[in-house]
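Single-structure report; data block below.
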Amino acid sequence: MKTAESEVPDAHFTVDKQNISLWPREPPPKTGSSLVLRKMCTVRAAVILLTLVLLASVLLQAVFYPWFMSALSDGKTNAQLLKARVANISSLSSEIKRNRGGVEAAGVQVQMVNASLGRVHSYIRRLETSVKEANARIQILTKSWEDVDNLNTRIPELKRDLDKASVLNEKVRGLQSSLENIRKSLKQQNDIIQMVSQGWKYFRGNFYYFSRVSKTWYSAEQFCTYRDSHLTSVTSESEQEFLYKTAGGLIHWIGLTKAGSEGTWKWVDDTPFDKVLSRRFWIPGEPNNYGHNEHCTNLKMPSLQSWNDAPCDTGFLFICKRPYKPSEP
Ligand code: 2F8
Ligand code: CA
């Protein structure tokens with residue numbers, strides 16, 4: 001016991017006869033059995049406490065060891081995974097470094113692609129505009145096509161109408177032709193009326209003027225030419241008949257005269273002389289060139305055989321002849 005007290009530091013000392021203490025004075029030590037008892041209690045308490053701590057430790061280990069081991073295992077696994085990921089990241093980093101050039105090139109290509117895409121978008125917009133225009137035209141064409149369809153359905157009807165129109169057209173042409181003939185006929189009749197009103201007579205396409213005054217053959221021809229005609233020629237029996245009948249038995253000069261040194265008969269209006277035909281129209285015994293001075297011809301008798309040669313400077317009535325030439329409408 002003496003030893004235990006000596007192990008406690010002495011914190012009480014005296015200065016100038018005054019007691020100085022660093023902490024309160026302990027009560028005076030207890031004596032004998034209480035101290036032992038007290039120490040035993042302390043030991044027991046310590047043992048109990050240690051036992052409890054030990055039990056608690058065992059209990060905690062029993063409870064948390066599996067969890068701890070599992071956590072440890074998980075930690076290892078996670079560490080391995082993390083290590084693998086780190087390795088993978090490292091590999092990826094290397095790969096990224098290697099690919100950085102490629103990425104930059106790809107960036108350039110992306111820019112080019114973007115530019116191309118811009119052009120493509122512009123082209124697409126133009127195409128859209130074109131498509132819209134084409135659609136508008138298609139609508140117009142569709143409308144036109146509908147019109148064509150409608151017309152197609154009407155084709156049979158139109159064909160029938162066309163056939164009718166063709167028949168009518170043919171009739172109209174016939175009528176037009178008839179009208180034209182009528183118009184020409186009316187024009188001809190009008191021309192004839194005009195000439196007749198001036199003293200001319202019409203026979204088969206020619207106008208004839210029977211004079212009321214006598215003239216020599218040459219003066220008579222001058223009279224005729226002044227009126228766009230000549231002394232008449234005779235080219236057929238019907239004309240001869242018309243002339244002698246209209247002459248009324250009076251002697252009239254006609255356009256037959258001898259010309260040139262040969263003294264052959266010629267028509268003054270240049271109608272070819274038909275010697276054979278003319279033989280039917282001379283008075284029998286004529287032409288006799290009576291007095292060797294008869295170079296012109298007249299109608300002397302009221303018959304087919306009515307021609308006589310006579311002196312050209314003798315005065316007789318005369319007959320002018322003008323072919324009918326239809327004037328322009
Ligand atoms: O006898 C025919 C003869 O008659 C007349 O002469 C006398 C005629 N003369 C005249 O008409 C001028 C002839 O021509 C005619 O041949
Ligand atoms: Ca004669």
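The values are calculated or read from the model by the stated rules, or taken from the named source; none is laboratory data. All values derive from a computational prediction rather than experimental measurement. Here Cβ is always computed from backbone atoms with ideal geometry, including for glycine, and neighbour counts include all displayed protein chains.
Of (1) closer than 25 Å to Q222 by Cα; (2) within 16 Å of ligand 1 (Cβ to nearest atom), G285 satisfies all except one. Which?
(1)
Touching a helix residue (DSSP H, G or I) at 6+ places or on another chain (Cβ under 6 Å), aromatic (F, W, Y) and within 16 Å of ligand 2 (Cβ to nearest atom): is that true of F281 in this structure? Before the answer, list the steps.
Values: touching a helix residue (DSSP H, G or I) at 6+ places or on another chain (Cβ under 6 Å): yes; aromatic (F, W, Y): yes; within 16 Å of ligand 2 (Cβ to nearest atom): yes.
The answer is yes for F281.
With the checklist (1) in a strand (DSSP E or B); (2) away from ligand 1 (no atom under 16 Å from the Cβ) in hand, flag the one item W253 doesn't pass.
(2)
So, in region 184-219, of the ones that are surrounded by 15 or more Cβ atoms within 10 Å (Cβ to Cβ) and under 60 Å from the mean Cα position of the chain (by Cα), which residue ends up modelled with the lowest pLDDT?
Q188
For residues in region 288-297 being within 8 Å of ligand 1 (Cβ to nearest atom) and outside any loop (DSSP other than H, G, I, E, B), which is surrounded by the fewest Cβ atoms within 10 Å (Cβ to Cβ)?
The residue in question is G291.
Yes/no per residue for (1) more than 16 Å from ligand 1 (Cβ to nearest atom); (2) farther than 30 Å from N181 by Cβ:
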{"site": "E241", "(1), (2)": "yes, no"}
{"site": "G248", "(1), (2)": "yes, yes"}
{"site": "E262", "(1), (2)": "yes, yes"}
{"site": "F281", "(1), (2)": "no, yes"}
{"site": "L304", "(1), (2)": "yes, yes"}
{"site": "R322", "(1), (2)": "yes, no"}
{"site": "P326", "(1), (2)": "yes, no"}
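Are any residues in region 311-329 part of a strand (DSSP E or B) and either of a type in the set (V, I, T) or more than 16 Å from ligand 2 (Cβ to nearest atom) (or both), and if so, which ones? Before the answer, list the steps.
Within region 311-329, the first condition is being part of a strand (DSSP E or B), and the residues that meet it are 316-323.
Those that are part of a strand (DSSP E or B) and either of a type in the set (V, I, T) or more than 16 Å from ligand 2 (Cβ to nearest atom) (or both): L317, F318, I319, C320, K321, R322, P323.
Examine region 295-310 for a residue that is small (G, A, S), over 30 Å from Q188 (Cβ atoms) and either within 12 Å of ligand 2 (Cβ to nearest atom) or touching a Pro at 6+ places or on another chain (Cβ under 7 Å) (or both), and state whether such a residue exists. Even if it seems obvious, please write down each step before you answer.
Quick first cut of region 295-310, residues small (G, A, S) only: 303, 306, 310.
If we keep only those that are over 30 Å from Q188 (Cβ atoms) too, we end up with 303, 310.
After this cut, where a residue has to be either within 12 Å of ligand 2 (Cβ to nearest atom) or touching a Pro at 6+ places or on another chain (Cβ under 7 Å) (or both) as well, the list is 310.
Yes.
Does L162 satisfy the condition of being of a type in the set (A, V, I, L, M) and under 30 Å from I254 (Cα atoms)?
Values: of a type in the set (A, V, I, L, M): yes; under 30 Å from I254 (Cα atoms): no.
No: the conditions fail for L162.
Answer yes or no as to whether V276 is away from ligand 2 (no atom under 14 Å from the Cβ), exposed (fewer than 13 other Cβ atoms within 10 Å of the Cβ) and among the β-branched types (V, I, T).
Values: away from ligand 2 (no atom under 14 Å from the Cβ): yes; exposed (fewer than 13 other Cβ atoms within 10 Å of the Cβ): yes; among the β-branched types (V, I, T): yes.
Taking the combined requirement at face value, the residue satisfies it.
Filter region 309-320 down to the residues that are buried (at least 19 other Cβ atoms within 10 Å of the Cβ) and within 10 Å of ligand 1 (Cβ to nearest atom), then identify the one that is nearest to S214 (Cα to Cα).
F316
Would you mind stating whether D269 is over 60 Å from the mean Cα position of the chain (by Cα) and surrounded by fewer than 16 Cβ atoms within 10 Å (Cβ to Cβ)? Before the answer, list the steps.
On the way: over 60 Å from the mean Cα position of the chain (by Cα): yes; surrounded by fewer than 16 Cβ atoms within 10 Å (Cβ to Cβ): no.
It is false that D269 is over 60 Å from the mean Cα position of the chain (by Cα) and surrounded by fewer than 16 Cβ atoms within 10 Å (Cβ to Cβ).
Looking at E146, is it at pLDDT below 95, under 36 Å from the mean Cα position of the chain (by Cα) and assigned to a helix (DSSP H, G or I)? I'd like the intermediate steps shown before the answer.
Values: at pLDDT below 95: yes; under 36 Å from the mean Cα position of the chain (by Cα): yes; assigned to a helix (DSSP H, G or I): yes.
So E146 passes the test.
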